[in-house]
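Asks: If you scroll down you'll find the structure; I have some questions about it.
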Amino acid sequence: MKKKTQLLLAGVILLAACKNEQAPAPVIPNEGLDCQKARIVTTYAYQAIQVNCTSRGCHTGAIPRGRADFSTPDNLKAYITASRAVFTQRVTSAQADMPPSRFPALSKGMKDSLACWIEKGMPDQ
């Protein structure tokens, strides 16, 4: 109970210290990423794919699983361009099955970031 009171008091002080136009936007859990405001570029998206998809020995280009070669940013983009629905279903959707269950799942934030990058045409900058 004491902790709740401290948090409430801190919130009141914070709100009193800011004018409305300076107050931060509220954080709404599970709202998702605002793709209009997000700036996701190829470097960020590709780094996430490397960490979660190629560094584990999958989708490396040597033996691309499911013909999905993510060994370079260009190969990743080419795959998504040719198979966007498959990538979306398997990687960024709520029912995604990639990476396989023996590896940690992508966070909702990462899925949202990749989806925004794709939605915006996979920009490099």
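Asks: Once R0 is set to 22 Å, what does the formula 1/(1 + (r/R0)^6) return for the Cβ-Cβ distance between VAL51 and ASP74, expressed as a FRET efficiency to the nearest 0.05? It would help to have the intermediate numbers written out before the result.
Replies: On the way: r = 18 Å, r/R0 = 0.84.
Result of the calculation: an efficiency of 0.75.
Asks: Which log10 I(q)/I(0) values does region 43-92 give at q = 0.24 Å⁻¹ under the Debye formula, counting every alpha carbon as one identical point scatterer?
Replies: Treating every Cα as an identical point scatterer, log10 I(q)/I(0) equals -0.88.
Asks: Give the Rg (one decimal place) followed by the Dmax (whole number) of region 51-125, computed from C-alpha coordinates and expressed in Å.
Replies: Rg and Dmax of region 51-125, Cα atoms, are 11.7, 33 Å.
Asks: Something else now. Extension gain TYR44-SER107, at 0.36 nm per residue separation less the Cα-Cα distance, in nm?
Replies: Stretched fully, the TYR44-SER107 segment lengthens by 21.2 nm.
We did not get these values from a lab; they are worked out from the coordinates using the rules stated. Because the structure is a prediction, the values reported are computed rather than measured. Neighbour counts are summed over all protein chains in view; Cβ atoms, including those assigned to glycine, are modelled from backbone coordinates with ideal geometry.
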